[in-house]
Amino acid sequence: MEDLILAILVALALAAVRLKDLLGAAAVLGAYSLLMALLWCRMNALDVGFTEAAVGAGVSTVLLLAAVNRVGRREQGPGVSPLLKPALWRLAEHRAALAERPDRPLLSARTMALLVVGLTAAALLYGARDMPRIGDPAAPANRAGSVAQHYLRHAPADTGAANVVTPVLGDYRGYDTMGETIVIFTAALCVVLVLRQAGRWRGPKEAP
Amino acid sequence: MRSTDSLIVRYIARRSVPFIQLYALYVLGHGEDGPGGGFQGGVIFASSFVLLGLANGWGYGRRAAPARLLDPLLPLGCLIYLGIGLAALLAGGAFLEYGALAGSDDPEVRRHWHHYGLIGIEVGVMVTVSAAMATLFFEMARPARVQARVDRVGEEADRA
Amino acid sequence: MDAQLPALVIVVPLLAALLVPLAGRRAAWGLVALALLLAFAGCVRLLVRAHALPEGEAIRYALGGWAAPVGIEYVVDRLNALVLTMLSGVAFLVALWMRRSTAREIRPPAVTGYYSVFLLMAAGLMGITITGDVFNLYVFLEIASITAYVLIAMGRRRQALYAGYSYLILGSLGATFILLGIGHLYMATGTLAMADIAAVFAREPQLYDSSVIRTAFAFFTVGLALKMALFPLHGWQPGAYAEAPSATSVFLAATATKVSAYALYRVAFTVFGVRFLETGLPVVRDALLVMACSAIVVGPLLAIRQHDLKRLLAYSSVGQIGYVVLGLALHNADGLTGSFLHFWNHAAAKGALFCVAGALAYRAGTTQVAALKGLGRRAPLTAMLLTVAACSMVGVPLTAGFLTKWYLARGALEAGQWAVIPVLLASSLFTAVYAWRLLQLAWFADEDGPVAEDVPWSMRAPSLVLGAACLVLGVAPLALPVAQAAAEALL
Amino acid sequence: MPDAGGPLLPPAGPAAAVPGPAAFADVLGWLATHYNYAIYILLMMIGLYAVLAKGNLVKKVIGLNLLQTAVFLFYLSIGKIDGATAPVVWTDRPPGAEGVPYENPVPHVLMLTAIVVGVSVTAVALALVVRIREAYGTVDEGEILASDEAQEEAESARAEAQEAAADAAGARE
Amino acid sequence: MSGAVPLLGGLDLAGLGPGLPPLVCLLGLLGVVAARRRPNLREGVSLATAGVNFALVLWLYARHRAGETLAWEGFSLAPGLALSFRVDALGLVFALVASGLWILNTLYSIGYMRAHDEPRQTRFYACFALAIAAVMGAAFSANLFGLFAFYEVLSLCTYPLVIHAQTPAARAGARKYLTLLLGASIGLLLPGLFLVYHLAGTLDFAPGGLLAGVAAADGTLVLAFLLLVYGMAKCAALPLHGWLPAAMVAPTPVSALLHAVAVVKMGVFGVSRVVFHVFGPETMARIGADDLLVGVACFTIVVASLIALAQDDLKRRLAYSTVSQLSYVLLGVGLGTGAGAVGGLLHIGMHATSKITLFFGAGAIYLACHKTRVSELDGIGRRMPITLTAFAIGALSMIGLPPTAGFVSKLFLVRGAAADPAGAVVLAVLVASALLNAAYFLPILWRAFFRPLPAGTEAGVHEAPWPCVLALSLTALGTVGLFLGHGPLLDLARAVAHAAFGGAE
């Protein structure tokens, strides 16, 4: 069952990336998150599934829809990001364009991106070579001496909570969760700052 | 974002908000025994306002959760969290050591205070997360003319 | 109170950051300055205590009362006490400096929010430095990054928005790589506390050959290199520093990239251990050496052509971070001492230079290099600050910059990398070229530029403290004994 | 100077060295037991490609989301234990060798934090995109960079003109 | 350390010893900046500083002759890197010459600046005081790092002096000045420093040479030697002499400072430090570095004199003459014989007094009648007798004729060359350069004294203001005086030679 969900997930991801209509891409991303939430529940990660459904599918998709509504649905323009090419390269290309030299740029951004993606994938696959089998109880993370088993044994005794995830989240690693709350507070503060308090940014025509 | 023109959707949205918020409090309460907790409760609580905003229009939603209410709530939740941590620190334990709040070394009593501490920070988290998610939605979904008015206020203050 | 110091140093700025939006506009700045002053005092106290500790020991603080592998712990040893003091010191000085500068560059309704985000960033950076838990490092890295994206985007021109956005994309890529690194580490060792991971490696040395660990190190390095703007991955930095408001540029340039460099040291030496660097992955160490050397040379080279002062200083920062990474690549005590010294030296010099750029923006409204004309006559103190900081960047003896070059050169010769010496000298010469151009305009220009008078004292005093630090650290380096002991401890 | 450069990592292990049928079976065997890891790498590559290659700023944010959810899949696959139930420990079924195995709760905790961080970054990114659209009038990176460079050249041309005027004035007096 | 001199109550000033002159000059700098509003006070403070400084150096010399070793640890920056000071014979030679002539130079610049009504005089005097502080620091610094640090400080603080007029020509000249000096010091001297530290593990000067006992390949040692010598571009050895003529754009007191008193002498002093106390005569001989130095010196002497012949501008001609005269010191130091060393070190003093007289003369001529070209100097001898007679004395000293100081040092150089086995070539160079000096100095004198004034220009030509003429005549008398009584310079030079080569004078 999980293998099927994973395959559908890959298909949805490809669709989200390929779709020209941003609204459609946002909807597909929502579906992708919901399916991911279902997968977490299948893998016994109930809390994560719950949060993914509420936060991933709920908030992200709504924000994306609101942004697309203000930004415009169609993905126009050449659709190729020059972000990857270092500034010097872009400058050279810009000059080449100005001088109307017809030669196609040596490596377009698309091939550069594929190159980097291929390199990262190779690194990850190399890394996955020695990984323990999925679900192997003797894996370093799950074996007897690991910190996880310690939590499972002591959490109910230390904090009286049955769902071990909550005490680990709130008590043992409570500081992480405080950091996380600070992160969500920062995000809200920053969005308020950018969208409400800072006022309009100036284009070249307005006074500096 | 105008309200939807179908009356049914607007009516049901208005009526279902309290139930969503009740469910959110249930999720918060049952963080210890089953899946759930501060984050999930907070998001569901915020989604009730989002639902209002989507169904009845941005203005209606904003009136239900005005900026004057949400902005102070944002830091308040974190302050609850930090407050509990500092209380533990002042009570002699380490930062965020809920057991120290108990004031006695009997492990049974300390275990209860761990429990109360846990619930306390879950409340803090819920306050911040719900205020944050609602603020995110209302800031992003602000219609163009409201945005123009807000920016003009900023520019006048700038010129003053 | 003394035992609670590690937690308080981080919690006090966080608390202030939360109280600032509630405190309203008048009390906001007072709260910021007070919080950072307390944090700075705490960090100095920690530095004194850490330096008094015997070799190899550190101040440990279990958060939430749970010991290391179970809970999260804060670890303060000589190295991060050094970085902490630099961070909180510069943050406090910038807090003093930025009051008048933000009043002029940021719209009034946004100033309180700006202060709160500034405090969060300072707390985030300090959190990265002091933490002893790998995932906690990621959480505080995200706090520092999100605040940095927005602080940059608050610049007046629309290019600031795009600069913030590009930094967000590349920064998030970096953070995701770091998260992957943490995942691989957790999978292979089963724990998240740095000390515990090192213990697992000590117990099972054959782990060093497993591909999972090598990938973890590679992704940590690439992720942190992205955050650090090390040469090939520095695309976001020039735009970010140039377009940001002056206060952000001063604080970011003086501290942000060096915290990522510190994190790389912490990961490379404490988590993976010295033996891993020697046996595990020599390829990464050579790659780091090449990246550092190319950064050292290309940074100032690109800086020479710039017309905008902040962009010029940003490119020079790309070069200076190469010095910090060079110590890791050289992998011996002198090289490391040089890099650790550079934490303070570069913070003082680059902070002072960006304060001059801020003063220019405050008085002349533009940060074009041409606006420096006649600064010597109209604003003598700021011009002197520019001179001292530029000399420290060039590495004139009796200034702080020289000591870093001295130790890095010694380390390079000891490590047999004699080719590093011409690299160091070439970068000093290129730096001399653009430093001379700035000083020429400031002191020897014939007509006067737009700067009519010097900046108010509330801006001049903190920047002069930074300038004085360039000189004091050159003649009587306070950080030297600490840096030396930290270097020995790591090897 | 040490011979630097070369790929960041040494080439893959012996499996890739010999591309014979044994290796193919070996890869299939690996796939059977490490299926999740293959999928997370695939998802991550789709996300990374979108971030790097797509010019539209919103599409990049979508790519970023895909990238981060792939990492969540990786983390949760670490903690998976065969035949385990959710990490909710009822007092009558204590954990341990003979009891029912519970799943590893640590990745769940980490992923709760990572999801919230992911949403925060997305929210800030979208806020910036909205403001960029308002200031630039477009959300395509190519057009944004083109208008920036055009503005840059206009300013540097004006700066040169001023300097030329100043020199001319200098030369005349 | 002898008893504390209770100058300022408890402060043990004697303990500072060699540290005192730089500190006094820095106080002078602060005084000048403080008194920027009142010109008379400002110039008074500069003059007083120069005077006190010279007195201090004499006091240090007296106690050094009495056999005390004066040292001050100063700051220890890092293990192996310290700013410490020690008084020794070589340092005293340089310090005495520099501080002595400093007083006259300050006097001269007061007259010149007032007469010429130059702008930005506070910056001028401040950089002046900083320059002398750097010179004093370098003279007494006890290790190579101190020498390098003060060398850099001198380069940086003389830059505002060279660019003083801030005209486009001044800017171009100063730019070349700084590029060459800073480029050579960062590009060559700094790696030399690193290499020496790497080889020897320390930078402190040792009597027999810091690298004496170091087991290192000769090639590395020669490389280190070349880096250090050419790194100190201030000694104006060809081909790194370009900055000297370029610095002619500066006002005359600065040219005097550059050429006679501080900058070039710092270069030559640095090279002699390197020869005597970094490598040591035995190592120099072993690796053949001394022949290398002699070769460079001879080449510079001849070529620079030839270029000087062709220069019509008076100050440029004097500049190239300095380039060649400096190499006499390098020649003496490189000869490897006692007499040669004495000759070289003496020449520091002799050349300083005579060249400063020439520059004061050139400045006075420029002040009096705004003439800068040699061809324009017809007949001014009769109108400006004092200036031109002093100029003549300086010129004779350059050529090395008996009544003037130049003869003494050249005599020792000749005896040193004679003692050296391969000295024939050196002797030939010495004679040839004497002739060349005559060739480019005598025409000036002949033109000034024996050619009639061009018609109708009598009114404009008269003597320069009194402070300049006073300084001018004092240095001329000094040039002759040094011939009669060599005084402390000879004893100190002999002490250095004795320490280096033992016995043979």
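The values are calculated or read from the model by the stated rules, or taken from the named source; none is laboratory data. Everything numeric in this text was worked out from a predicted model, so none of it was measured. Neighbour counts run over all protein chains shown; Cβ positions are idealised from the backbone, glycine included.
Among the residues of region C:188-207, write down those that are within 12 Å of C:G273 (Cα to Cα) and touching a Leu at 6+ places or on another chain (Cβ under 9 Å).
C:M194, C:I197, C:V200, C:F201, listed by residue number.
From the list E:S321, E:S327, E:S305, which residue is of a type in the set (S, T, N, Q) and closer than 21 Å to E:Y366 by Cα?
Details: E:S327 fails: closer than 21 Å to E:Y366 by Cα; E:S305 fails: closer than 21 Å to E:Y366 by Cα.
Answer to the check: E:S321.
Of the residues in region B:112-160, how many are touching a Ser or Thr at 6+ places or on another chain (Cβ under 9 Å) and modelled with pLDDT under 85?
Residues flagged as touching a Ser or Thr at 6+ places or on another chain (Cβ under 9 Å) and modelled with pLDDT under 85 within region B:112-160 amount to 0.
Only one residue in C:L313, C:L326 is under 16 Å from the mean Cα position of the chain (by Cα), within 14 Å of chain D (Cβ to nearest Cβ) and modelled with pLDDT of 90 or more. Which one? Please lay out each step first, then the result.
On the way: C:L313 fails: within 14 Å of chain D (Cβ to nearest Cβ).
Just a single option satisfies the conditions, and that option is C:L326.
So in region A:1-50, with the set limited to residues that are among the acidic types (D, E) and surrounded by fewer than 18 Cβ atoms within 10 Å (Cβ to Cβ), which one is modelled with the lowest pLDDT?
Our first condition is that a residue be among the acidic types (D, E); within region A:1-50, this holds for A:2-3, A:21, A:47.
From the residues that got through so far, the ones that are surrounded by fewer than 18 Cβ atoms within 10 Å (Cβ to Cβ) too are A:2-3, A:21.
Working: A:E2: 79, A:D3: 83, A:D21: 88.
Across region A:1-50, the extreme among qualifying residues is A:E2.
Go through (1) farther than 22 Å from C:E73 by Cα; (2) in contact with a helix residue (DSSP H, G or I) (Cβ under 8 Å, 6 or more places away or on another chain) one by one and return the number of the condition A:A122 breaks.
If we test A:A122 against (1) farther than 22 Å from C:E73 by Cα; (2) in contact with a helix residue (DSSP H, G or I) (Cβ under 8 Å, 6 or more places away or on another chain), just (2) comes out false.
Which fully enclosed helices (runs of 4 or more DSSP H) of region E:9-98 have 2 or more residues being more than 28 Å from E:F276 (Cβ to Cβ) and in contact with a Gly (Cβ under 6 Å, 6 or more places away or on another chain)?
Working: elements: E:13-16, E:20-34, E:39-65.
So the answer is E:39-65.
What number goes with the only condition from (1) among the β-branched types (V, I, T); (2) more than 8 Å from chain E (Cβ to nearest Cβ); (3) more than 27 Å from C:L46 (Cβ to Cβ) that C:V396 does not pass?
With (1) among the β-branched types (V, I, T); (2) more than 8 Å from chain E (Cβ to nearest Cβ); (3) more than 27 Å from C:L46 (Cβ to Cβ) applied to C:V396, the lone miss is (2).
Collect the residues in region C:441-491 that are assigned to a loop (DSSP other than H, G, I, E, B), surrounded by fewer than 19 Cβ atoms within 10 Å (Cβ to Cβ) and within 12 Å of chain E (Cβ to nearest Cβ), keeping them in residue-number order. Break it down stepwise before answering.
To start, the set of residues in region C:441-491 that are assigned to a loop (DSSP other than H, G, I, E, B) comprises C:445-456, C:476-478, C:491.
With surrounded by fewer than 19 Cβ atoms within 10 Å (Cβ to Cβ) added as a condition, the list becomes C:445-448, C:450, C:452-454, C:456, C:476, C:478, C:491.
The answer is C:A445, C:D446, C:E447, C:A476, C:L478.
Can you list the helices (runs of 4 or more DSSP H) lying wholly within region C:165-266 that have 1 or more residues being touching a strand residue (DSSP E or B) at 6+ places or on another chain (Cβ under 9 Å) and among the small types (G, A, S)? Spell out how you get there, then give the answer.
Working: elements: C:194-203, C:211-228, C:236-243, C:246-251, C:257-265.
Those helices (runs of 4 or more DSSP H) span C:194-203, C:236-243.
At the interface with chain A (Cβ under 7 Å from one of its Cβ atoms), closer than 28 Å to A:L65 by Cβ and not in a helix (DSSP H, G or I) - does that describe any residue in region D:140-149? First the steps, then the outcome.
Kept after step one, since they are at the interface with chain A (Cβ under 7 Å from one of its Cβ atoms), are these residues of region D:140-149: D:140-143, D:145, D:149.
Right, trim to closer than 28 Å to A:L65 by Cβ and you get D:140-143, D:145.
Narrowing further to those that are not in a helix (DSSP H, G or I): D:140.
The answer is yes, given that some residue of region D:140-149 is at the interface with chain A (Cβ under 7 Å from one of its Cβ atoms), closer than 28 Å to A:L65 by Cβ and not in a helix (DSSP H, G or I).
Between A:G118, A:G145, A:G135, which is surrounded by fewer than 24 Cβ atoms within 10 Å (Cβ to Cβ), under 30 Å from B:E97 (Cβ atoms) and of a type outside the set (S, T, N, Q)?
On the way: A:G118 fails: under 30 Å from B:E97 (Cβ atoms); A:G135 fails: under 30 Å from B:E97 (Cβ atoms).
Every option except A:G145 fails the conditions.
Restricting region A:141-165 to residues that are part of a helix (DSSP H, G or I) and of a type in the set (D, E, K, R), which is farthest from B:M140 (Cα to Cα)? If you could, list the steps in order and put the result at the bottom.
Taking region A:141-165 as the starting set, the residues that turn out to be part of a helix (DSSP H, G or I) are A:147-159, A:165.
Remaining after also requiring of a type in the set (D, E, K, R): A:153, A:158.
Working: A:R153: 45, A:D158: 43 Å.
Result: A:R153.
Determine, yes or no, whether E:T389 is among the polar types (S, T, N, Q), buried (at least 24 other Cβ atoms within 10 Å of the Cβ), touching a residue at least 60 places away in the same chain (Cβ under 8 Å) and more than 30 Å from E:V278 (Cα to Cα). Before the answer, list the steps.
On the way: among the polar types (S, T, N, Q): yes; buried (at least 24 other Cβ atoms within 10 Å of the Cβ): no; touching a residue at least 60 places away in the same chain (Cβ under 8 Å): yes; more than 30 Å from E:V278 (Cα to Cα): yes.
Against the criterion (among the polar types (S, T, N, Q), buried (at least 24 other Cβ atoms within 10 Å of the Cβ), touching a residue at least 60 places away in the same chain (Cβ under 8 Å) and more than 30 Å from E:V278 (Cα to Cα)), E:T389 does not qualify.
List every residue pair whose Cβ atoms sit under 9 Å apart, with the two residues 6 or more apart in sequence or on different chains, where the first one lies in region A:134-145 and is within 7 Å of chain D (Cβ to nearest Cβ) and the second, anywhere, is surrounded by fewer than 20 Cβ atoms within 10 Å (Cβ to Cβ) and among the hydroxyl-bearing types (S, T, Y).
A:I134/D:T33; A:I134/D:Y35; A:G135/D:T33
Name the residue, out of A:V192, A:V168, that is more than 7 Å from chain B (Cβ to nearest Cβ) and either closer than 24 Å to C:L141 by Cα or not in a loop (DSSP other than H, G, I, E, B) (or both).
Values: A:V192 fails: more than 7 Å from chain B (Cβ to nearest Cβ).
Being more than 7 Å from chain B (Cβ to nearest Cβ) and either closer than 24 Å to C:L141 by Cα or not in a loop (DSSP other than H, G, I, E, B) (or both) holds for just one of A:V192, A:V168, which is A:V168.
Of all residues in region B:109-123, which are more than 7 Å from chain A (Cβ to nearest Cβ) and under 22 Å from B:A65 (Cα atoms)?
B:V123
Tell me which helices (runs of 4 or more DSSP H) are completely within region A:4-71 and hold 2 or more residues being more than 14 Å from chain B (Cβ to nearest Cβ), or say none if there are none.
A:22-42
Could you list all residues from region E:228-243 that are without any contact (Cβ under 8 Å) to a residue 60 or more places away in the chain and either assigned to a loop (DSSP other than H, G, I, E, B) or of a type in the set (F, W, Y) (or both)?
Across region E:228-243, the qualifying residues are E:Y230, E:P239.
Please go through region C:173-208 and give me each residue that is over 22 Å from D:I41 (Cα atoms), in contact with a helix residue (DSSP H, G or I) (Cβ under 8 Å, 6 or more places away or on another chain) and not small (G, A, S), ordered by number. Walk me through how you get there before you give the answer.
We begin by selecting, within region C:173-208, every residue over 22 Å from D:I41 (Cα atoms); these are C:191-208.
After this cut, where a residue has to be in contact with a helix residue (DSSP H, G or I) (Cβ under 8 Å, 6 or more places away or on another chain) as well, the list is C:191-198, C:200-201, C:205, C:207-208.
Once the filter is applied, which keeps residues that are over 22 Å from D:I41 (Cα atoms), in contact with a helix residue (DSSP H, G or I) (Cβ under 8 Å, 6 or more places away or on another chain) and not small (G, A, S), region C:173-208 yields C:T191, C:L192, C:M194, C:D196, C:I197, C:V200, C:F201, C:P205, C:L207, C:Y208.
If a residue has to be within 7 Å of chain A (Cβ to nearest Cβ) and either without any contact (Cβ under 8 Å) to a residue 12 or more places away in the chain or in contact with a strand residue (DSSP E or B) (Cβ under 7 Å, 6 or more places away or on another chain) (or both) to count, how many in region D:99-116 make the cut? Outline the logic, then answer.
Step one: of region D:99-116, the residues within 7 Å of chain A (Cβ to nearest Cβ) are D:101-106, D:108-109, D:111-113, D:115-116.
Applying the additional criterion that residues be either without any contact (Cβ under 8 Å) to a residue 12 or more places away in the chain or in contact with a strand residue (DSSP E or B) (Cβ under 7 Å, 6 or more places away or on another chain) (or both) yields D:101-104, D:109, D:112-113, D:116.
The total comes to 8.
Filter region C:134-150 down to residues that are more than 7 Å from chain A (Cβ to nearest Cβ) and in contact (Cβ under 8 Å) with a residue 60 or more places away in the chain and give me whichever is farthest from D:G118 (Cα to Cα).
Keep residues of region C:134-150 that are more than 7 Å from chain A (Cβ to nearest Cβ), which gives C:134, C:137-138, C:141, C:144-145, C:148-149.
Still in the list and also in contact (Cβ under 8 Å) with a residue 60 or more places away in the chain: C:134, C:137, C:141, C:144-145, C:148.
On the way: C:V134: 18, C:L137: 16, C:L141: 13, C:A144: 14, C:S145: 12, C:A148: 16 Å.
My answer is C:V134.
Out of the residues in region E:196-209 meeting the condition of being over 16 Å from E:T283 (Cα atoms) and either acidic (D, E) or buried (at least 18 other Cβ atoms within 10 Å of the Cβ) (or both), tell me which one is farthest from the other protein chains (Cβ to nearest Cβ). Reasoning before the result, please.
If we filter region E:196-209 for residues that are over 16 Å from E:T283 (Cα atoms), which is where we start, we get E:197-198, E:201-204.
Restricting the remaining residues to those that are either acidic (D, E) or buried (at least 18 other Cβ atoms within 10 Å of the Cβ) (or both) gives E:197-198, E:203-204.
Values: E:Y197: 7, E:H198: 4, E:L203: 11, E:D204: 16 Å.
Per the stated criteria, the residue is E:D204.
Could you give every pair whose Cβ atoms fall below 6 Å, whose first residue belongs to region B:29-44 and is at the interface with another protein chain (Cβ under 7 Å from one of its Cβ atoms), and whose second residue is of a type in the set (D, E), counting only separations of at least 6 or pairs across chains?
Hits for this filter: B:G31/B:E122; B:P35/A:D47; B:G37/B:E122.
Given the conditions (1) more than 9 Å from chain E (Cβ to nearest Cβ); (2) under 27 Å from the mean Cα position of the chain (by Cα), report the number of the one that C:R378 does not fulfil.
(2)
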